[in-house]
Every structure is written in structure tokens, then in C-alpha cells.
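The values are calculated or read from the model by the stated rules, or taken from the named source; none is laboratory data. For clarity, every value in this text was computed on a predicted model and none was experimentally measured. FYI the Cβ positions are ideal-geometry reconstructions off the backbone, even for glycines, and counts take in every protein chain you see.
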């Protein structure tokens, strides 16, 4: 059984796992690149889905979609399965480890004992890589942690069979086959194309740039509709989804900017560099919303802090993002396909 | 985010260094180790205050005999009747019944074991004695591999 795995700490679990698994197989890939090629950027405000009685706000694409897109790259084959029984799931994991295959797992954060207590909520789409077993403990490369961690088998089994929204049902995956090297240009184009489509062309008003505007309108009406206390809770929830662990800051916008910068250098495309700077500015704008929101949640508002002021910032974020995606779409149309 | 605005506060990550993307002086986004950004601490604290209030209310209701001890364990572990039902493989209405002290006292031994296993306590601890804290509060964080 092997005990070496290239553990690189990353900001987001799914793209981090994808990057680490590919790097392990000799295809060095940064987290930001995996995030961008996997089309990870998104926005959705889905008030009919409730998390702890608060509306779902998401700044990233659905859990598992980054891996799914990367697995579609030519020459890559990802083995993936879910289980009915805990025993079968753990046996399959042990068998893969015995063959020296590092295995990616989807887990529920609440049941992982090594997680900081303050971050243990019932969130079931956390990805990690198990790369070895020592006695009754598994050695885990959890991409959001600086070093590999240890987890007892019983706790890991619980985490793999967490219930509730996005229940993992023991989901495990590993790379069965990888090409000699990945041709980056088509993957970058496909990733950018999918993000532009989702953000600009969604028919639903809750998704993409339209969703950002929708959130802004809703947010302005929260104090009137929900009362001050509930409105503050809703507000805090939005900021948590935007900034808490796994986002890389600014609701994944900084991470995507990193991807655009890396792609610009790789493909020698100055257009992407400009889009990256614009997106960094959007991320900073999202952060100024978060700062104002935090002051309101803390009950220490400054004179200019108010719900309408925050709604105006979010509208501004939406308008700027629309421009960025329009520029990226134009780049996709104009740049020659290699 | 610019480098100079990060905060040294290390409260919610309990000493674990996380990384995030920070633009350097030339505007290049770099994966930079650091702790949580201060507004995140504020909203994380806000979320925990709500949970703590719910747990305190539940404790008072259990002490007054209006809710069963199961209600406390459910609330302390951030669950609701629907989630608890899915974890224990029962219909939701049965869980709702078990939240009343009357039905709680009359649960089958098998049901008691199932709840106790989920909350990682003994059946006796579920049925009587001091209420134990939520699972994360009972576990420590010394699980680093090296």
C-alpha cells in the first residue's frame, strides 16, 4: 500500500481533489485551473430550497459537476460509484487502497472529527482523498487542510453515509485512465463557454446574472418582509455562502480570476488577462457588500450602511459580471479554435 | 482582496491555517495561507448564536417536561425531525411522536438503541442522567497524520 500522495492545500474542496488526483497521475494541474476547466463558477439564488430555514444561495456550480466535466476530457476515465451498504462501501475503499489507488470520497462535514468545531454543519458535499490506511485509521488528504489528516474508520463510514440534502450515499471515485498530457486550450475554452452560458443565457430569473439582480431586489425587501432579526440572519447566511471555507474569497470570483490569469499566460491571450482584472474588481465589490453586511449583523452599522445600499452594491456586481461574461463570450467567438 | 486587509484573527478555524486567493502587488491572484477574513468570523458567530439559543430553549423545555430528551439531542446536533427520521430509517411522524415525553418513555428498546447510536451515547444516557453536549463538542481536533 502506498503512503505518498501529493497533498496540495487548496481553497475549494472539489477542485482541489480534482487537481490533486490528476497531479498524482503525472498531470500537474493547479486548483484554479481545475476549477475553471470544470466550469465551476456560477450564481444561483433558490429561495424554495432551504438550509436551516434560510434560502439557498450558491456561487458555484452543483456539487460534483467540476469532476464530471473534467472526467469528460479526452483520455480521462473516472470510475465512480455509490453504495447501499456501509460495509460494502468500506470494503470497496479498502480494496482500492490495497491496489495503491488514492480514492476520492464525498462526505458529510458534520461527522468528520478533524474538522474545526465551528465549521461542522450538515453539509454533505465535501470532497477528500483517502490515500492510505494505518490500523483502523485512514490517512486523508483533505484539500482545505494544510497537512494530511487522520480519521478513524467508524467516523469516515458515518461521513460517507450522511443523510439529508446532497446525501453522498458512500460515493467514491478514482482515475482509471489518464492521457499522457492534457491539451489545455480546448478544456479552457469549454470551461469558459459553459460558465458564460450559465451566467448569461439562463432562462430562469434565479440563475446567473439575472439571479444576482433577483437577490439584490429580494435583499432590499427583507427588513420589511421578515423583520429586522430574520433579515439579519438571511444576510449573514448569504455572506457565509460567499466567504466561508471553500470559496477562496469573494464567492469564488478570485479563484476564477486566478484561472483566467493562468490561462492568459498559457495561451498568450491578453483578453483573458483583462477579464481577470475585471473579475478581481467584481470580487472586491462582493467583499465590500460582505463588510457592510457583517457590520449590520454585528449591530454596529455605519451611517451609510443599509439594506438598499447593499442591494445597490449587488446590482453593481451583477452589471459588472455581465460585462465580464460578455467579453469572455466575445473572446470565445473571436479567438481561433486550436 | 488586497493583502493588507486580511485579519490575524484565528478563532473559528481553531488554529488550522486555510488558504484563499489574494491579489499581490501586481494584481496576480495567489493562493495565500492565512486565517479567516474577519467578516466571516462575524457571520459564523451569528449562525452559532442561533444554534446556541435553540439548544438553550430546548434544554429549558426538556427540564420543564414539555419536550423529550430526544428533542435536546436533535437540536444540539443541528438536526430537524425530517433529518433525524432519515438517519434512523423511520417515518417523520414517529420521530415527532418521540419528541413528546409521553411517547419517548414508551419507545421500543430497538428504537432507543438506534437513536443512541446516532448520537454516539449509550441508551442509558439517552433516557436519563445529565444531557451530553453535541458530537463535535465531545471530539477533539488532534487528528493530524504526522
- Task: Could you look through segment A:247-268, keep only residues that are touching a strand residue (DSSP E or B) at 6+ places or on another chain (Cβ under 8 Å) and more than 7 Å from every other protein chain (Cβ to nearest Cβ), and pick out the one that is surrounded by the fewest Cβ atoms within 10 Å (Cβ to Cβ)?
- Result: A:247
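Considering only residues that are closer than 24 Å to residue A:80 by Cβ and part of a loop (DSSP other than H, G, I, E, B), which ones fall in segment A:105-114? Let's see the steps before the verdict.
So in segment A:105-114, the residues closer than 24 Å to residue A:80 by Cβ come out as A:105-112.
Matches in segment A:105-114: A:108, A:112.
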- Among the numbered criteria (1) modelled with pLDDT under 95; (2) surrounded by fewer than 17 Cβ atoms within 10 Å (Cβ to Cβ), which single criterion is violated by residue B:47? (2)
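Take residue A:89 and tell me if it is modelled with pLDDT under 95 and in contact with a helix residue (DSSP H, G or I) (Cβ under 8 Å, 6 or more places away or on another chain). Outline the logic, then answer.
Working: modelled with pLDDT under 95: no; in contact with a helix residue (DSSP H, G or I) (Cβ under 8 Å, 6 or more places away or on another chain): yes.
Criteria not met by residue A:89.
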- Message: Would you confirm whether or not segment A:227-238 contains a residue that is in contact (Cβ under 8 Å) with a residue 40 or more places away in the chain and either part of a loop (DSSP other than H, G, I, E, B) or away from chain B (no Cβ under 14 Å) (or both)?
- Response: no
- Those residues of segment A:131-166 which are under 29 Å from residue B:89 (Cα atoms), in a loop (DSSP other than H, G, I, E, B) and more than 10 Å from chain B (Cβ to nearest Cβ) amount to A:136, A:166
- Query: Taking segment A:199-214 as the search range and keeping residues that are touching a helix residue (DSSP H, G or I) at 6+ places or on another chain (Cβ under 6 Å) and surrounded by 21 or more Cβ atoms within 10 Å (Cβ to Cβ), which one is farthest from residue A:327 (Cα to Cα)?
  - Reply: A:212
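Restricting to segment A:120-130, what's the tally of residues that are more than 8 Å from chain B (Cβ to nearest Cβ) and assigned to a loop (DSSP other than H, G, I, E, B)? Reasoning before the result, please.
If we filter segment A:120-130 for residues that are more than 8 Å from chain B (Cβ to nearest Cβ), which is where we start, we get A:123-130.
Filter once more, keeping what is assigned to a loop (DSSP other than H, G, I, E, B): A:123-125.
Qualifying residue count, segment A:120-130: 3.
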- Message: Could you go through segment B:77-100 and let me know if any residue there is away from chain A (no Cβ under 14 Å) and within 26 Å of residue A:113 (Cα to Cα).
- Response: no
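Is it the case that residue B:28 is within 14 Å of another protein chain (Cβ to nearest Cβ), in contact with a helix residue (DSSP H, G or I) (Cβ under 9 Å, 6 or more places away or on another chain), free of Cβ contacts under 8 Å to residues at least 12 places away in the same chain and under 30 Å from residue A:30 (Cα atoms)?
The answer is yes for residue B:28.
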- residue B:57 versus (1) modelled with pLDDT of 95 or more; (2) closer than 22 Å to residue A:233 by Cβ; (3) within 12 Å of another protein chain (Cβ to nearest Cβ): which is the lone unmet condition? (3)
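What residue, among those in segment B:5-25 that are under 16 Å from residue A:283 (Cα atoms) and at pLDDT 65 or above, is farthest from the other protein chains (Cβ to nearest Cβ)?
The first filter runs over segment B:5-25 and keeps only residues under 16 Å from residue A:283 (Cα atoms), leaving B:5-6, B:20-24.
With at pLDDT 65 or above added as a condition, the list becomes B:20-24.
On the way: B:20: 4, B:21: 4, B:22: 7, B:23: 6, B:24: 11 Å.
In this case the residue turns out to be B:24.
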- Item | Selected residue (only one of A:30, A:61 is touching a strand residue (DSSP E or B) at 6+ places or on another chain (Cβ under 7 Å), surrounded by fewer than 24 Cβ atoms within 10 Å (Cβ to Cβ) and closer than 23 Å to residue A:188 by Cα) | A:61
- Note on the structure: Given the conditions (1) touching a residue at least 40 places away in the same chain (Cβ under 8 Å); (2) under 13 Å from the mean Cα position of the chain (by Cα); (3) under 21 Å from residue A:168 (Cα atoms), every one holds for residue A:33 apart from (3)
- Task: Would you mention how many residues in segment A:11-51 are within 14 Å of chain B (Cβ to nearest Cβ), in contact with a helix residue (DSSP H, G or I) (Cβ under 8 Å, 6 or more places away or on another chain) and over 20 Å from residue A:286 (Cβ atoms)?
- Result: 6
- Complete set of residues in segment A:170-219 that are part of a loop (DSSP other than H, G, I, E, B) and out of contact with any strand residue (DSSP E or B) (no Cβ under 6 Å at 6 or more places or on another chain): A:170, A:178, A:179, A:180, A:181, A:182, A:183, A:201, A:202, A:203, A:204, A:205
- Enumeration of residues in segment A:77-95 that are buried (at least 17 other Cβ atoms within 10 Å of the Cβ) and either part of a helix (DSSP H, G or I) or touching a strand residue (DSSP E or B) at 6+ places or on another chain (Cβ under 7 Å) (or both): A:78, A:89, A:90, A:93
